[in-house]
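What follows is a short report on a single structure.
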Amino acid sequence: MNISILGSTGSIGTQALKVVDDLAGQKEIKVMAITGNSNTLLLEEQARQYKPQVAVVADQKKYTDLKTRLADTSVTVLCGEEGLCRAATLDNVQMVLSSIVGFAGLVPTMKAIEAGKDIALANKETLVTAGALFTDAVKKHKIRLLPVDSEHSAIFQSMHGGSRAELKKILLTASGGPFFGKTTAELKNITKEQALKHPNWSMGAKITVDSATLMNKGLEIIEAKWLFDVDFDDIEVVVHRESIIHSMVEFTDKSIIAQLSLPSMKHPIQYAFTYPQRLPSPDKSVSFSDIATMTFYKPDEETFRCLALAKKAGKMGGIMPTVLNAANEVAVAAFLRDEMGFLDIAEFVEKTMNSYKNKSNPTLEDIIEVDKEIRQ
Ligand code: NDP
Ligand code: MG
């Protein structure tokens, strides 16, 4: 199989390359394109190791740097959104791993679908902002959409236990993040250093902050709605501190099927790469005697308001999830620059949502326009 990895320099992208290495000898995966935003040093390293056809740096200012670094190789160096779209649509590629962070992944992912590529989807923001257009394109171009987000991979795997008609509800698990059990007063002076320390997962900065605010779980509810075509009322969030059960589905006979594994993104990435097969993995097995206990709680939506706001935007539909997502991306970036407080993230998202009139059935142009407007 030939793949393009959009966002190869990120947390998901680098783990995906490890999976490619792990699978050598069992399933040959040729990496045809790698992309980053600005990390030309790592792009160079990856280009020398994986010898892709194309390497893309999204930030145009870094183009000359990458071009110089790879001057002695046969790798084609490109930049900007045009370069990302080229990486997403190469002729001889069958699968595209969509693992750019945030809205920047939307257009390249849509182009990949239109070019008939199967999608391994890590970038949840694309489904949140353009769910209807995205899923219509998946149907139209008859491609396979394989979830990489661990919860959605777990749901996808658990769904094999029954038919779609037999599904009663989805139980979406959440670790609760680093501030589980804290009160609003205790969250007031949270610093970015505290927010970036996730108890169970090592991830990029944006999703780590989203996990601390529970916006990540809110985005995942919307992601699940589109991936599995379920009503919002049939998706229940369950806080499970240990992150061993990655999500569950309940069927009409009240039987619950779950997927369990140690918290490592290599598992869902590998499953997306090998589906419908399962292949041996060098990762460790779950040891129940080591874990000893598993705990479950209701999420606290009053303290972690981003979760409630995402549900609201999801239920409103139309352009509102785009508004929610853009406001959140802006707020999280400001928080990471120490320009906004932790609790201000929800505040900013809510204010932005309140200042927008909803619009149903937005086009891709509407979505891009509103995203741009909010960033400005
Ligand atoms: P990272 O921040 O670690 O990596 C993001 C990648 O996107 C990097 O390659 C980065 O390049 C690139 N990038 C950033 N901004 C732009 C831009 N404007 N244009 C083009 N490329 C850009 O993020 P993660 O790997 O953590 O997350 C990626 C996606 O996967 C997110 O949507 C996240 O929600 C999702 N996800 C991640 C999980 C995880 O465990 N990390 C789990 C489940 C889902 P550069 O390195 O040069 O900045
Ligand atoms: Mg997840």
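Throughout, read-outs are computed from the coordinates displayed, never taken from laboratory work. Treat the numbers as computed from the prediction; the structure is a model and nothing was measured. All Cβ positions, glycine included, derive from the backbone under ideal geometry; neighbour counts span all protein chains shown.
Relative to the Cα centre, the charge distribution of the chain, modelled as +1 at Lys and Arg Cβ and -1 at Asp and Glu Cβ, gives a dipole magnitude of about 420 debye.
At R0 = 45 Å, how high is the FRET efficiency between Thr183 and Arg375 if r is their beta carbon distance? Nearest 0.05 is fine.
Numbers: r = 32 Å, r/R0 = 0.71.
Rounded to the nearest 0.05, the efficiency is 0.90.
For region 1-140, the dipole from Cβ point charges (+1 on Lys and Arg, -1 on Asp and Glu) about the Cα centre works out to 60 debye, to the nearest 20. Phi angles across region 263-272 convert, under the Karplus curve 6.51 cos²θ - 1.76 cosθ + 1.60 with θ = phi - 60°, into 3J(HN,Hα) values of x, 8, 5, 4, 4, x, 5, 4, 4, 5 Hz, Gly and Pro given as x. Mean-square fluctuations from a GNM of the chain, with a 10 angstrom spring cutoff on Cα atoms, peak among Glu186, Glu151, Glu236 at Glu186. Taking 0.36 nm per residue of separation and subtracting the Cα-Cα distance, full extension of the segment from Lys30 to Glu45 would add 3.8 nm.
In what order do Ser8, Ser264, Ser74 fall by count of nearby beta-carbon atoms within 10 Å, going from fewest to most? Write out the running numbers ahead of the final one.
Working: Ser8 29, Ser264 18, Ser74 8.
Taking fewest neighbouring Cβ atoms as first place, the list is Ser74, Ser264, Ser8.
Could you tell me the calculated FRET efficiency between Met316 and Lys18, based on Cβ-Cβ distance and R0 = 25 angstrom, to the nearest 0.05? List each step's numbers first, then the result.
Details: r = 39 Å, r/R0 = 1.58.
In this case the efficiency is close to 0.05.
What the phi angles of region 171-179 give under the Karplus curve with 6.51, -1.76 and 1.60, with θ = phi - 60°, is a coupling list of 10, 8, 7, 9, 6, x, x, x, 10 Hz, glycine and proline written as x. Across region 6-34, the residues whose backbone nitrogen lies under 19 Å from the label position 7 Å along the beta-carbon direction of Ser74 are 29-34. For the chain, the fraction of C-alpha pairs more than 35 angstrom apart is 22%.
Could you tally the net charge around Lys117, taking each other residue with its Cβ under 11 Å from the Cβ of Lys117, Lys/Arg +1 and Asp/Glu -1?
Summing Lys and Arg as +1 and Asp and Glu as -1 gives -1.
Working note: Karplus 6.51/-1.76/1.60 with θ = phi - 60° gives region 8-18 the couplings 5, 8, x, 4, 5, x, 5, 5, 5, 5, 5 Hz, where Gly and Pro are set to x. Taking the chain as a Gaussian network of alpha-carbon nodes connected by springs under 10 Å, the highest mean-square fluctuation of the residues Asp290, Asp210, Asp21 belongs to Asp290. Rg of the Cα atoms in region 2-147, relative to 2.2 N^0.38 Å, amounts to 0.97. In this structure the amide hydrogen of Val31, modeled in the peptide plane, comes within under 5 Å of the amide hydrogens of Ile3, none closer than 5 places in sequence on its chain. Placing unit charges on the Cβ atoms of the charged side chains and taking the dipole of region 152-375 about its Cα centre, the candidate lying farthest along the positive direction among Leu324, His198, Phe342 is His198.
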